[in-house]
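The values are calculated or read from the model by the stated rules, or taken from the named source; none is laboratory data. Note that the structure is a prediction, hence the values are computed from the model and not measured. Glycine also receives a Cβ, built like all others from the backbone with ideal geometry; neighbour counts cover every protein chain displayed. What goes into the accessible areas is simple: the full protein's heavy atoms, side chains included, and nothing from ligands, DNA or RNA. Shrake-Rupley method; radii C 1.70, N 1.55, O 1.52, S 1.80 Å.
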Amino acid sequence: MRIIVCAKQVPDTNEVRIDPVKGTLIRDGVPSILNPDDANALEAALQLKEQVGNAAVSVLSMGPPQASYMLRECLAMGADDAYLLSSRAFGGADTCATSTTLAAGVRKIGGADIIFAGRQAIDGDTAQVGPQLAQRLGLPVVTYVQKIRSVSEGKAVVERQLEDGYEVIEVKLPCLLTCVKELNEPRYMTVRGIVEAYEKEITVWNEKDVALDPAQCGLNASPTQVHRSFTPPQKGKGKMLSGSISEMAAQLVGELNEKHLL
């Protein structure tokens, strides 16, 4: 069984800063991490590999050269090999162009029985790349997978998370599943895994390697463009009131009167 996990390197959200003049993300000196939902996708793939035995897990990512550090983390967790789609031609891609590039990468690898992806990336929160990738590959897709009940006989049975419960879906293989954090608890890297990860070679492909024209990827193929990004102004510190309900009500009315809001 061939399993592919789509993973993304994202800025650590606790460290994100935006240039107040340009309105762009300040990435210099900002630590990057494996996208959390993608870590759940990788764990699902590794657990499936352990269950079926005869399986290989490949991790595929699109990003700058430094994304190789994130891929080595995936290898240290247990992935068998890793592929990085990296080129200036891929820069500025929206979800549409990103899914096109990832689809080309999947075809270059040779396809898969199951493709796992995170529900969404924390730097974009669109949840669009997984379904778009499935559409470009002509695969059935189940989003928001919270549990994998079984994988056998050319089909998978999963639970899809809903706001007020879940639904059980049977899907034919090959397919694509997007994973939520409730699916599992990602494993830690082992010392042996880290050592072996740096002994493995990460395959890097550009647009020519995956047979993509520059007009088909990156900013050139992105109908969606972000015109401005900004952080909302910080609000003043809140004030906690104490006492009985009537005392707190009196304090609140007094505070509002002082600020001429009543």
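Can you give me the number of residues within segment 205-262 that are among the β-branched types (Val, Ile, Thr) and open to solvent by less than 100 Å² (accessible area, probe 1.4 Å)?
Counting residues in segment 205-262 that are among the β-branched types (Val, Ile, Thr) and open to solvent by less than 100 Å² (accessible area, probe 1.4 Å) gives 4.
Taking the criterion of being part of a loop (DSSP other than H, G, I, E, B), under 30 Å from THR101 (Cα atoms) and touching a strand residue (DSSP E or B) at 6+ places or on another chain (Cβ under 9 Å), would at least one residue in segment 219-227 satisfy it?
no
Are there any pairs with C-beta distances below 8 angstrom linking a residue in segment 236-262 that is assigned to a helix (DSSP H, G or I) to a residue that is open to solvent by 100 Å² or more (accessible area, probe 1.4 Å) and not basic (Lys, Arg), with the two at least 6 apart or on different chains, and if so which?
VAL253/LEU262; LEU256/LEU262
Go through segment 125-147 and report how many residues are in contact with a Pro (Cβ under 9 Å, 6 or more places away or on another chain) and either assigned to a strand (DSSP E or B) or open to solvent by 50 Å² or more (accessible area, probe 1.4 Å) (or both).
Of the residues in that region, 3 qualify.
Can you find even one residue in segment 179-188 that is out of contact with any helix residue (DSSP H, G or I) (no Cβ under 9 Å at 6 or more places or on another chain) and open to solvent by 70 Å² or more (accessible area, probe 1.4 Å)?
Among the residues of segment 179-188, not one is out of contact with any helix residue (DSSP H, G or I) (no Cβ under 9 Å at 6 or more places or on another chain) and open to solvent by 70 Å² or more (accessible area, probe 1.4 Å), which makes the answer no.
Which of the residues spanning segment 148-182 are in contact (Cβ under 8 Å) with a residue 24 or more places away in the chain, over 17 Å from GLN120 (Cα atoms) and outside any loop (DSSP other than H, G, I, E, B)?
Matches in segment 148-182: ILE148, VAL151, ALA156, ILE169, VAL171, LYS172, CYS175.
Can you name every residue in segment 111-141 that is out of contact with any Cys (no Cβ under 7 Å at 6 or more places or on another chain), over 24 Å from PRO11 (Cβ atoms) and free of Cβ contacts under 8 Å to residues at least 40 places away in the same chain?
Of everything in segment 111-141, those that are out of contact with any Cys (no Cβ under 7 Å at 6 or more places or on another chain), over 24 Å from PRO11 (Cβ atoms) and free of Cβ contacts under 8 Å to residues at least 40 places away in the same chain turn out to be GLN135, ARG136, LEU137, GLY138.
Please go through segment 105-121 and give me each residue that is more than 23 Å from GLU159 (Cβ to Cβ) and open to solvent by 10 Å² or more (accessible area, probe 1.4 Å), ordered by number.
ARG107, LYS108, ILE109, GLY110, GLY111
Starting from segment 98-110, keep only residues that are among the small types (Gly, Ala, Ser), then list their pairs with residues that are part of a loop (DSSP other than H, G, I, E, B) whose Cβ atoms are within a distance under 6 Å, requiring at least 6 positions of separation or different chains.
Once the first residue is among the small types (Gly, Ala, Ser) and sits in segment 98-110, its partners that are part of a loop (DSSP other than H, G, I, E, B) give ALA104/VAL210; ALA104/LEU212; GLY105/VAL210.
For residues that are modelled with pLDDT of 95 or more and among the charged types (D, E, K, R), scanning just segment 162-178, find the one that is least open to solvent (accessible area, probe 1.4 Å).
Among them, the one singled out is GLU167.
Out of (1) at pLDDT 95 or above; (2) under 22 Å from ARG160 (Cα atoms), the odd one out for LEU102 is which?
Every condition holds for LEU102 apart from (2).
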